[in-house]
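**Q** Just dropping this structure here.
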Amino acid sequence: MKAHQAGRTGVDAITIRDVTYSYPDGSLALDGVSLKIVKGERVAVLGPNGAGKSTLLMHMAGLFIPQRGEVTILGLPVNGRNIHKIRRNIGMVFQNPDDQLFCSTVYEDVSYGPLNLGLAKDEVASKTREALRRVGLEGFEDRPPHRLSEGEKKKVAIATVLPMQPKIMIVDEPTSNLDPESRRELIDLIKGLWERQNFTLVVATHDVDLIPHVADRTIILNQGRLIGEGPVRETLLNPELLRKARLELPTITRLFHLLEEKRMARGGGRPLTVDEGLEEIQYLIRELKRSRKSPVGKRLSSVER
């Protein structure tokens, strides 16, 4: 992953300038949003339901043309002249996979894109099999999508965009409606694809526990406005900013915040993930063994007794 990150050029993949968008009923979805996403970057768009996340993603994917402002994708302004070229470079995975899977078999859904590019049958078959292998669904070719689990459907939805070799991958609420095991599998899948392939990743979610696994930078929306952005650790450890977005600190962070209040953990050692939490606990145990006289050791000794 470090090599992939080091290979970033600093060139903008997506630039959004003062974009405003209202739906036909007059409701304002985006209100003067401006931001940039660099090629190869992993960005999470965070916000509560109704914040404007999906509408922003539709603009990033070239599916919506801004009513006011400007969107530039891979150096091309989003307009009627460039739209087809732009869309060929973007893989959009919708929140509800049933909005994306419309064929009678998994194979037909995954092969739909390369077939429409006019590729030869053998090449289409090769790309389809490879896409299914990458998402761990080899042998699912003849299965009807409506008979799959929600987690399997989401994997097929991701597989449908892989044969197009997108330069930008956009994923809307990937963990919604998933059981814990399927959630872990999908997180690992998204991380693995980004590490192995050269694309820019944008993930929209209100799941704060997901973000440290799939993003390096966070963009926070609420009521159609950008209210904060920055590195993941900086934004997710800012309770005031999250409160403005009607969100909470990550679960493991809240736990360690409570431990700090009870003087059972060191200040400033707040983890964002379970793995970081485990490292912090191991530190506290080492501290206890090293010196029962240290401040942390004394507190742990009192708890141990």
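The values are calculated or read from the model by the stated rules, or taken from the named source; none is laboratory data. Keep in mind it's a predicted model, so treat the numbers as computed, not measured. Using ideal geometry, Cβ is built from the backbone for each residue, glycine included, and neighbour counts are taken over all protein chains shown.
**Q** Any idea how many residues of the stretch 143-185 are part of a loop (DSSP other than H, G, I, E, B) and either within 19 Å of Leu132 (Cβ to Cβ) or hydrophobic (A, V, I, L, M, F, W, C) (or both)?
**A** Result for the stretch 143-185: 8.
**Q** So which strands (runs of 3 or more DSSP E) are wholly in the stretch 30-95 and hold at least 3 residues that are among the hydroxyl-bearing types (Ser, Thr, Tyr), on the phi < 0 side of the Ramachandran plot and in contact with a helix residue (DSSP H, G or I) (Cβ under 8 Å, 6 or more places away or on another chain)?
**A** Values: elements: 42-46, 68-73, 90-93.
In the stretch 30-95, there are no strands (runs of 3 or more DSSP E) which contain 3 or more residues that are among the hydroxyl-bearing types (Ser, Thr, Tyr), on the phi < 0 side of the Ramachandran plot and in contact with a helix residue (DSSP H, G or I) (Cβ under 8 Å, 6 or more places away or on another chain).
**Q** Separate question: Residues Leu119, Leu76, Leu162, Leu132: which one is crowded, with 16+ Cβ neighbours inside 10 Å and farther than 26 Å from Glu185 by Cα?
**A** Leu119
**Q** Within the stretch 79-116, take every residue that is over 18 Å from Val203 (Cα atoms) and touching a Lys or Arg at 6+ places or on another chain (Cβ under 6 Å) and give me the one that is surrounded by the most Cβ atoms within 10 Å (Cβ to Cβ).
**A** Among them, the one singled out is Val106.
**Q** Write out, first by first residue and then by second, each pair whose Cβ atoms fall under 7 Å of each other, whose residues are 6+ apart or on separate chains, and whose first residue, in the stretch 46-57, is in contact (Cβ under 8 Å) with a residue 60 or more places away in the chain and outside the structural domain of Asp209 (by TED's automatic domain parsing) while the second is part of a loop (DSSP other than H, G, I, E, B) and small (Gly, Ala, Ser).
**A** none
**Q** Mind telling me which of the residues Ile65, Ile86 ends up being in contact with a Leu (Cβ under 6 Å, 6 or more places away or on another chain) and under 29 Å from Arg217 (Cα atoms)?
**A** The unique qualifying residue is Ile86.
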